[in-house]
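Trainee: Have a look at this one before I ask anything.
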Amino acid sequence: MSLPFLLEIGTEEIPDWMIVPALNNLQDMFQALLDQHVLGGRVTAVDATPRRLVLRAEGLLERQADVEELVLGPPKSAGSGAAAGFAKKMGTTADQLGTQSTAKGEYFSFAKRTQGQATAAVLAHELPNLILKIQWPKTMYWNGKGSERFIRPIRWLVALLGDAVVPFEISGVKSGKTTVGHRVLGKPSLAVTIENFDDELRTNGVILSANERRDKIESGIGALRVKPDPDLLHTLVYITEFPTPILGNFDRSYLELPQEVLVTVMRHHQKYLSVEDADGKLAPHFIAVMNTNTDPDGLVRHGNERVLRARFNDARFFWDQDQKKALTARLEDLKTVTFQAKLGSYYDKSKRIVDYVEGTDGSADAQRAACFCKCDLTTEMVKEFTDLQGVVGGLYARAQGESEEVAQAIYDHYRPLSMEDDLPRTEAGRIVSWADKWDTLVECFKVGMIPTGSKDPFALRRAAQGVVRLIVEGKVDFKFDFVDGPLREFMRDRVEYYFRDVRGFRYDEVRACMAISWDNLIELEERLEWLKAVRPTPDFEPIAASFKRIKNILKQAEYSDLSAYREDLLEAGPELDLYEEIVRTTSLPLESRIAALRPKVDLFFDKILVNDHRENIRRNRLALLQSLLTEFSEVADFSEIVTERQS
Amino acid sequence: MSTGLTFQETVFRLKQYWSDRGCIIQEPYDVEVGAGTMAPETFLRVLGPDPYSVAYVQPSRRPADGRYGDNPNRLYKHQQLQVILKPAPADVIDQYLGSLQAIGIDLKKHDIKFEEDNWEAPTLGAWGIGWQVMLDGLEISQFTYFQQCGGFELDPVPAELTYGLERIVAFLQNVDSVYDIEWTRGVKYRRVRLVEEYQFSKYNFELADVGMLWQLFDLHEKECQRLLKMPDMVLPAYDQVLKCSHIFNLLDSRGAISVTERVGVIGRVRKLALGVAAAWMKRSEAAA
């Protein structure tokens, strides 16, 4: 008979963004537990609300199967005394023993039968550990020092195998068959079975399924045109147990404020979805998602409108206040704004950004944007709405009569914020963005603030990724020639990651091309494109294999100073043929040379023994191969290519 | 809605509610602090093994937040109702929700959410895990399970609940400006506090004597260090920490602390705070 299983971990409100990874982790660990203990069954569903993680499994055995294993005892020659001792150890009598013949002779043996454990017992033993092993970004303790840690306090546990409770305890909470409803809409104590669990929760104000909560929000929004925002929707799904969207309004006069400001206030501070009119312009409405079923007296809507009004009033006040001092007059004020404790102020940083922009021949507009790009950090607007740094500077620059080019460059200069994010729209914007990020990298590495493992508090990986994209896709004219030390290694990894994981070049192609040089990313990109194009041609892989062979031969020969070969030492036949083909094809493009040289190289290795017993001949042949390798190594180190034969 | 409780009635109700649940009702600490957490009733009492539950209103001074009384929602000095429950009871959230009902909030007609917000005060060597509590989109409380204070892991773990009283009462009374809150029937918040907001904003931003403040900072720091060398002078020493912390905030609002100085000054306050916490722990260990 197989049994269903249900686990619910009841907690106080878990941060929304941690829930899905934790569920996946729980699912994997539980399935591994079933497999490891041979309990049968598989996880069929996981789901969660902010207050509960739920896992369902089906097809569990009632108990593990019994296991029989053959245990060898002493040799038969040891006699009956030894046999009795062995039997005693096995918990049996000598007449139950068998014999087993092995290469070393006859041995006493016993077919030892281990009874399988009840599944409930195994789970009861394993579950506390498994639950406490769920990975969270940050955990807490709530019952005093040294007590169990979890993301938030565990307040109840439901664990049912069929109809029976799997009994265990975590931090004073005993598992049972009683769950808890919604804080306001449900009963605080609720007996459940595996069969009625979801329904009982539902009648107590909890929609367990995240998908269903999402659908409920979306259908509640109905035909309203909402600015698409999957991240915010995800958050709303996971901060509610019973989401209900409501429509609120704000005064049309606030639409005079920049849309960016309004949307940020609504999104980041209030978790409201923005509403658009038929033309895609921001409309004076918002959608808030409640964690309850109704707003009978309109109090929730009224309250949210009131909060938003205060927020918008603040924003308007900040805007007016900030206009009293021009962006360009704020440069001096940056002296009191810390960039990083060890790295001085944003004033210093601004100076350096300007230098970098000048150094890469940035336009006058780019230089002006660079100079004032950080000035918005002293504005009330950015102090309040940090996410709008850059954007606010750009808006103010425009309002204060700076050229569109300067305004846009300031506006965009934090971009790209992610791999998917767009680059700044203008050349000036891209140069300033690059200079800002590059400066951060250089300065942080200078004082040893280097990311390690998962620790990257200054988001240097993101900055470096931005730098790579700005050079390759944004055509910012910068090369890594003079970059060395840990920063060089760090950038190298980022370049490799970019071309491989973002651009989709094969890893061996990236390694082959980068082995030659990666100082100039534009040129690296061209070589990668070339290699990718030439790779499927029939002669390519064989010649790559030959190059690997050449490299090995040279390596084994351990010559470091192979001077030019002498033509007069070349022997007629495959050796001279190869030489002549090299000379003949010198001016041809590389892809044509590959086709021409491949049969000659093959023949050379077929017929010629490089390690000739005459030292001068041997040296000369090695030198020929070295020169061939060098000529081909302008594009890529072919020996890095993984060929068919190897894989 | 506009028939909501007055400011002082709200305070009375909350104090009564927590008194009924076994809290000591304390009066505000009479040295300037930036938050209720800094009052010794929290900072020191959360340390060590003794259970302690307390509630008090703490005027909290943040010089840089002053707006000369012009801004309807921002204040140099606001009133926090601070509750410490040590150890945190298992039903602490239900107790908290009960307190909202006690001040007339019908939870069936409102929307309550607990949104992640971990609290940290590096100058106090303190941090905790918790939420901001949102009522119809308004942040009304900070709810924290203290994990560390003064650099010490806490055992038992206290829960700290803070109520932003001005916000909550403005909500209850449905007014858009804190200055329109009825403090008691017929008396507005404006009449009680506006002049204070204006004068202190002007003083904090424009007039405070920077040279004098630096001198005071040094003097209080020295006094704290001197007291920390003596047995059983923890509380007087802690007063000196609070003085330093407030003077630091004043210097900051005067724009008198440069980037390079800033970290150092914060470090000096932190060092004193950690020293006091260590002395308090030593004392409670000796008593045990």
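Trainee: Counting Lys and Arg as +1 and Asp and Glu as -1, each charge on the Cβ, what is the dipole of segment A:537-640 about the Cα centre in debye, to the nearest 20?
Mentor: 220
Trainee: Take peptide B:136-147, look around each residue's Cβ out to 10 angstrom, count Cβ atoms belonging to other protein chains, and average those counts.
Mentor: The shielding value for this peptide is 4.
Trainee: Pull up the cross-link candidates among the aspartates and glutamates for A:Lys177, meaning alpha carbon to alpha carbon under 14 Å and not fewer than 8 places away within one chain.
Mentor: A:Glu8, A:Asp163, A:Glu169, A:Glu195, A:Asp198, A:Glu200
Trainee: If you place +1 on the Cβ of every Lys and Arg, -1 on the Cβ of every Asp and Glu, and leave all else neutral, what size is the dipole of segment A:67-114 about its Cα centre, to the nearest 20 Debye?
Mentor: For this selection, approximately 120 debye.
Trainee: When only C-alpha pairs under 8 Å and at least 6 residues apart count, what is the relative contact order of segment B:7-203, in percent?
Mentor: Computed value for segment B:7-203: 22 percent relative contact order.
Trainee: Specify the residue with the greatest mean-square fluctuation among B:Lys202, B:Lys109, B:Lys222, computed from a Gaussian network of chain B linking alpha-carbon atoms under 10 Å apart.
Mentor: B:Lys109
Trainee: Okay, next question. How large is the charge dipole for segment B:125-275, taken about the Cα centre, if only the Cβ atoms of Lys, Arg (+1) and Asp, Glu (-1) carry charge, to the nearest 20 debye?
Mentor: It comes to approximately 360 debye.
Trainee: Using just the alpha carbons, could you tell me how many Å³ per residue the convex hull of chain A encloses?
Mentor: Hull volume over Cα atoms, normalised by residue count, gives 284 Å³.
Trainee: Using the Kirkwood formula on the Cα atoms of segment A:210-322, what hydrodynamic radius do you get, in angstrom to one decimal?
Mentor: Result for segment A:210-322 stands at 14.5 Å.
Trainee: What are the radius of gyration and Dmax of segment A:333-518, computed over its Cα atoms and given in Å?
Mentor: 16.5, 52
Trainee: So what is the orientation-averaged projected area of segment A:67-114, using the convex hull of its C-alpha atoms, in nm²?
Mentor: Reported value for the Cα convex hull: 3.1 nm².
Trainee: Using the count of nearby Cβ atoms within 10 Å as a rough guide to exposure, how do B:Trp119, A:Trp142 rank from fewest to most?
Mentor: Least to most surrounded, the residues fall as B:Trp119, A:Trp142.
Trainee: Two-decimal Rg/Rh of segment B:7-203 from alpha-carbon positions, Kirkwood Rh?
Mentor: Reported Rg/Rh (Cα atoms, Kirkwood Rh): 0.95.
Trainee: Say the dipole of segment A:112-267 comes from +1 at the beta carbon of Lys and Arg and -1 at that of Asp and Glu; which of A:His125, A:Thr178, A:Gly162 then lies farthest toward its positive end?
Mentor: A:His125
Trainee: Along the charge dipole of the protein assembly as shown, Cβ charges K/R +1 and D/E -1, which of A:Ser639, A:Gly359, A:Ser454 sits furthest on the positive end?
Mentor: The listed residue farthest towards the positive side: A:Ser454.
Trainee: Once you have the Cα-Cα distance between A:Ser403 and A:Gln100, take 0.36 nm times their residue separation minus that, and quote the gain in nm to one decimal.
Mentor: That works out to 99.7 nm of additional length.
Trainee: Which ordering of A:Asp539, B:Asp111, A:Asp297, A:Asp387 is given by a fewest-first count of other beta-carbon atoms within 10 Å?
Mentor: A:Asp297, A:Asp387, A:Asp539, B:Asp111
Trainee: What nm distance separates the two modelled labels at A:Glu218 and A:Glu523, each placed 7 Å from Cα along Cα→Cβ?
Mentor: 5.1
Trainee: Hey, another quick one. Given a cut-off of under 8 Å on Cα pairs at least six residues apart, what relative contact order in percent is computed for chain A?
Mentor: About 7 percent, as a whole number.
Trainee: Based only on other Cβ atoms within 10 Å, what is the fewest-to-most ordering of A:His268, A:His37?
Mentor: Fewest to most other Cβ atoms nearby, the residues stand as A:His268, A:His37.
Trainee: Mean separation of Cα pairs under 8 Å and 6+ residues apart, divided by the residue count of segment A:67-114: what relative contact order is that in percent?
Mentor: 50
Trainee: For n ≥ 4 DSSP H runs only, could you compute -39500 (n - 2.57) per run for chain A, divide by its residues and tell me the 222 nm figure to the nearest 500?
Mentor: The helix-only estimate for chain A comes to -14000 deg cm²/dmol at 222 nm.
Trainee: Considering the options A:Gly10, A:Val54, A:Val476, tell which one lies farthest towards the positive end of the dipole of chain A, charges being +1 on Lys and Arg and -1 on Asp and Glu at the Cβ, about the Cα centre.
Mentor: Of A:Gly10, A:Val54, A:Val476, it is A:Gly10.
A short reminder: the numbers here are calculations on the coordinates, not readings from a lab. These figures come from a predicted structure and were not determined experimentally. Every residue, glycine among them, receives a Cβ derived from its backbone with ideal geometry; neighbour counts consider all protein chains shown.
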